[in-house]
Protein chains: 2
Amino acid sequence: MPRTESSTPTVRDVAQLAGVSPGTVSKALNGRGQLREETRQRVQDAADKLGFHPNQLAKSLIEGRTYTVGVLTTASFGRFTMPLMTGIEDSLGAGKVSTLFCDSRGDPLRERHYLQELLSRRVDGLVVTGRKPDPRHSLGRLPIPVVYALTQSEDDGDLSMTYDDRQGAELATNHLIAVGRKRIAYVSGPTRHLSTRLRQQGTEDALEAAGMKLDPRDVLLGEWSEAWGRTAAGILIRQAEPIPVDGIFCGSDQIARGVADGLREAGVDVPRQVAIVGFDNWDVMVQGSRPPLTTIDPNLTMLGQLAANRLLNAIDGGELGSGHILRPCDLVLRQSSMSS
Amino acid sequence: MPRTESSTPTVRDVAQLAGVSPGTVSKALNGRGQLREETRQRVQDAADKLGFHPNQLAKSLIEGRTYTVGVLTTASFGRFTMPLMTGIEDSLGAGKVSTLFCDSRGDPLRERHYLQELLSRRVDGLVVTGRKPDPRHSLGRLPIPVVYALTQSEDDGDLSMTYDDRQGAELATNHLIAVGRKRIAYVSGPTRHLSTRLRQQGTEDALEAAGMKLDPRDVLLGEWSEAWGRTAAGILIRQAEPIPVDGIFCGSDQIARGVADGLREAGVDVPRQVAIVGFDNWDVMVQGSRPPLTTIDPNLTMLGQLAANRLLNAIDGGELGSGHILRPCDLVLRQSSMSS
């Protein structure tokens, strides 16, 4: 039997079943006015029985807010935006605020269209997200608060929240130093990406603070792939016999996994001879790797929660703030850097 | 400078700037009534200048529809629901329908809460999704059309759309037979999962049609992980010397990647000695594998598009239909099954 029904129950239907006026139904379901508890219960029972739901649209028109937040992503439903969205949902879901998701897929025209659409739907606020290696254009002045999360607006008048690439790299390098490594390499993605450069800077800063240096021969920049990790391992191995580095910080878990495979297959023991730290804490990569990867967790879910909380606060009349907020990363320890 | 502004421009502001009445603004922006093109343009220019957006809420109350579809997922923002959501967006985005996403995280109470929330927001229809190994409970009779996608309702009165596990397994097995394999193994996930059993059935059907049989020793059911794939490869290798099977259909790309690693590291040549086919067409797994994996693509994006199209058609007054629709999978060829 098909499930579609053409008629939605109305206030009138509930009033008739409960034997009260439509005005009383409205009072009872909205918790307003003076009503006997018995009457309120009778109305609620009638509403439940008929499957009646108060019209949120009408409420929104009167209150001037929709309890809806728009999420505009540029980077499809990718693996970096997923945990962020889970975090946004954590914060909004608790307060009965719904999310309207729009995916511009990096197309400026599509983004403009979605923005108009979200504004005409009177969303109370907007989260702009997407993993971009470089700062993105600002949406400019809007009548609602906007938070850029996991992506940075080029305009300092906007509020942007991202994780701290440099601090993450420092954490990774300090850990390698702490487990006694004396010569540390940096294997990462394309040099044109800001995150590649920031992580190199963090690596260099941590080494310098320990009185060490990053040898230019030990900086290998390629792509964000396992294959590049294997290639880079081969380059390091061919530098000298035995392999001259004893620690490698990799710009992603995919690269780190490739490096681990390349070293193991060349007979280099990880972590005894060479300790490895990745970046992302991407479950299938860190667990699939042999050995499992010590890595940097950018705490994306937490970032989503914080961005949504800032937005909700501004919607409730609080100060939104502006500028670029950098959230710290965490170190997650596994076997690739810890001799047992 | 902070971006938040407290005042949203109104019809009155537009009317004043354009030097017309509020009624004329409404006519001009909604394309109704008789107006001179010059007047319509003047109103549009004023609206653009002020950043005025017609109120979709008011329009919705009058029309009785909100141009909003709810998406209720049980499986977080996972890697299987993401491509599905991209497909849903493909279909809805084109028609100016927005999606309200809710993630129940498998919690029935949370699901009930979200359902009430979506109904009170007067969504025009609902897509229920989530990767569940077994049919899920029905949401029952609702005043709006509902499509279950990537998950099957236990109630045949509902409309469910999933991909065809059995047909996918037949495709995989027929391909192994076509490239000349004589003894084919099936390595997959837990036997308690319906998809594990359906894929075994498909494998057996295809073999039987070719006058072959699935040897019980060649059915290895464990978990959905690379580690299990490596273990299973070891079990097959220890059966006899040389390894007695020459083709392996794996229930997931993760398992297939583990099998490929296990065989290679034991000196078994893939695909010359043993051809491998996976399931999912999950980019990081099929490309990370050595060699890259031939696999079955469940076409999740397409499934999302079709589900959303069915829903839109029902919202526009068309027949929703009911029962369980199985969509075919595709075979994607790569090196793990093709000797060059």
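No value in this document is a laboratory result; all are computed from the given coordinates. None of these values were measured; they are calculated from a predicted model. Note: ideal-geometry Cβ built from the backbone for every residue, glycine included; neighbour counts use all protein chains shown.
Averaged over peptide B:113-125, the number of partner chain Cβ atoms lying within 10 Å of each residue's Cβ comes to 4. For A:Glu170, neighbours were defined as the other residues whose beta-carbon sits under 14 Å from its Cβ, and their charges (Lys and Arg +1, Asp and Glu -1) total -4.
For the listed residue pairs A:Lys27/B:Lys96; A:Lys96/B:Lys27; A:Lys27/A:Lys49; A:Lys96/B:Lys49; A:Lys27/B:Lys27, the alpha carbons are over 25 angstrom apart in A:Lys27/B:Lys96; A:Lys96/B:Lys27; A:Lys96/B:Lys49; A:Lys27/B:Lys27. Residues whose amide H lies under 5 Å from that of B:Gly247, counting only those 5 or more places away or on a different chain, are B:Arg183, B:Ala185, B:Ala275; hydrogens are built 1.01 Å from N in the peptide plane.
Taking R0 as 51 Å, what FRET efficiency do you get between B:Ser339 and B:His137 from their Cβ-Cβ distance, rounded to the nearest 0.05? E between B:Ser339 and B:His137, to the nearest 0.05, is 0.60. Shown is the FRET efficiency for B:Arg217 and A:Glu37, computed with R0 = 56 Å from the Cβ-Cβ distance and rounded to the nearest 0.05: 0.20.
Rounded, prolate or oblate, given the Cα gyration tensor of the protein assembly as shown, with a/c below 1.5 counting as rounded? Verdict is oblate for the protein assembly as shown. Ordered by the count of other Cβ atoms within 10 Å of each Cβ, fewest first, B:Val332, A:Val20 give B:Val332, A:Val20.
Taking every residue in A:137-149 and counting other chain Cβ atoms within 10 Å of its Cβ, the average works out to 3.
Please label the shape of the stretch B:165-298 as rounded, prolate or oblate, based on the square roots a ≥ b ≥ c of the eigenvalues of the alpha-carbon gyration tensor (a/c under 1.5 means rounded; beyond that, a/b larger than b/c means prolate, else oblate). In terms of gyration-tensor shape, rounded. Counting Cβ atoms of other protein chains within 10 Å of each residue's Cβ and taking the mean over peptide A:96-103 gives 5. Loop-located trypsin sites (Lys or Arg not before Pro) across the stretch A:188-229 with a Cβ neighbour count of 11 or fewer within 10 Å are A:Arg192, with loop assigned by DSSP. The distance from the alpha carbon centre of the stretch A:276-340 to that of the stretch A:131-203 is 12 Å, rounded to a whole number. Listed by chain and number, the aspartates and glutamates whose alpha-carbon sits under 16 Å from that of B:Lys213, ignoring those within fewer than 8 places in the same chain, are B:Glu170, B:Glu204, B:Asp205, B:Asp246.
Percent antiparallel among DSSP beta bridges with both residues in chain A, to the nearest 5?
In chain A, DSSP labels about 10 percent of beta bridges as antiparallel.
Build a GNM of chain A with springs between Cα atoms under 10 Å apart, and of A:Leu214, A:Leu198, A:Leu109 the one that fluctuates most is A:Leu109. With q set to 0.10, 0.16 Å⁻¹, the log10 of I(q)/I(0) for chain A, from the Debye formula over equal scatterers at the Cα positions, is -0.71, -1.22.
Between the listed residues B:Ser188, B:Ala232, B:Leu171, the Cα displaced farthest toward the positive end of the dipole of the stretch B:165-298, a dipole computed from Cβ unit charges relative to the Cα centre, is found at B:Ala232. Scoring A:233-241, A:116-124, B:117-125 by mean Cβ neighbours within 10 Å over their residues and listing the highest first yields B:117-125, A:116-124, A:233-241. When A:Gly317 is represented by a point 7 angstrom out along its Cα-to-C-beta vector, the spacings to that point in the other copies are 4.6 nm, nearest first. A full extension of the chain between A:His113 and A:Gln16 corresponds to an added length of 30.5 nm, given 0.36 nm per residue minus the alpha carbon distance. Dipole check for chain B: with +1 at the C-beta of Lys and Arg, -1 at the C-beta of Asp and Glu, and the Cα centre as origin, the magnitude is about 640 Debye. Short-range pairs are left out: with C-alpha atoms under 8 Å and at least six residues apart, the relative contact order of the stretch A:165-298 is 26 percent. Put a plus charge on the Cβ of each Lys and Arg, a minus charge on the Cβ of each Asp and Glu, and nothing anywhere else: the dipole of the protein assembly as shown about its Cα centre is then about 880 debye.
A label point on A:Pro216, set 7 Å along the Cα-to-Cβ line, lies at 6.8 nm from each of its counterparts in the other copies, closest listed first. Each Lys and Arg Cβ is given +1 and each Asp and Glu Cβ -1; about its Cα centre, the stretch B:165-298 then shows a dipole of about 280 debye.
Largest GNM mean-square fluctuation across B:Gln254, B:Gln16, B:Gln167, computed for chain B with C-alpha springs under 10 Å, falls on B:Gln16. Rounded to the nearest 0.05, the FRET efficiency derived from the C-beta distance between B:Asp269 and A:Arg238 at R0 = 41 Å is 0.95.
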